[in-house]
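Please read the structure below before turning to the comments.
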Amino acid sequence: QRAPTPSAAAELVIPGKKDLLELLENAKKRTLQLINNYLEISDSNLERIRNSFPFKQPYRPIEDLKQGIDELERRMISYLVQKGKLERNRFLNLSLNFERTSPGKKLELMKEELKRNIEKLVTLGQAKREKERENLFLWKNRLEDLSPLSVLKRGYSICFSHPGGETITEYKQVKQKEKIRVTLHKGEIYSEIYQIKRD
């Protein structure tokens, strides 16, 4: 179809004002919906982190691990003491037998063997203890990396309404002259809002 005039041709090519407004309104609604969905997901994730066990008691797993290491160390010492007693009794029995039957040379050899066994036990205990301490150190670092406190340590903060304690994720949740509580890596700040900047 050929337009009779240039202006008529332009009307055929360019959509009407009503169509353009409708397209813009639909795009605006989709954008707002995407933003709202993102904010809801972010708020849900933040609330889940805030209520998580590591956030409420960040050092509890480390304390449990330390108690486990202490208990393991206590058992190792008890084992070494018991093993030493058994070796000592064995040595005494062998000494009595050798004294009855013979020979000083075999007794000396047994003394040397006993000494070597005791040294091996001590070395084994020290190595085991050092290994457990290394594992504890690794676990401690991993837990600290996962802890929400490590996020705060990097300079981030969490804002709550005061005194309500509701997590604040957008400016619409607060008004001027309202009070808020800001949680930092070390300590908290109580503030009053004097200005709100909208994106």
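The values are calculated or read from the model by the stated rules, or taken from the named source; none is laboratory data. Keep in mind that this is a model prediction, so the values were computed, not measured. Cβ sites come from the backbone with ideal geometry, for glycine too, and all protein chains shown count toward neighbours.
Computed values, structure above
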quantity	calculated
Selected residue [more than 30 Å from residue 165 (Cβ to Cβ), at pLDDT 70 or above and surrounded by 12 or more Cβ atoms within 10 Å (Cβ to Cβ)] from 74, 90, 30	90
Filter result for the condition that a residue is of a type outside the set (A, V, I, L, M, F, W, C) and under 15 Å from residue 47 (Cα atoms), over 178, 166, 188, 192	166
The stretch 155-199: number of residues that are surrounded by fewer than 12 Cβ atoms within 10 Å (Cβ to Cβ) and over 29 Å from the mean Cα position of the chain (by Cα)	11
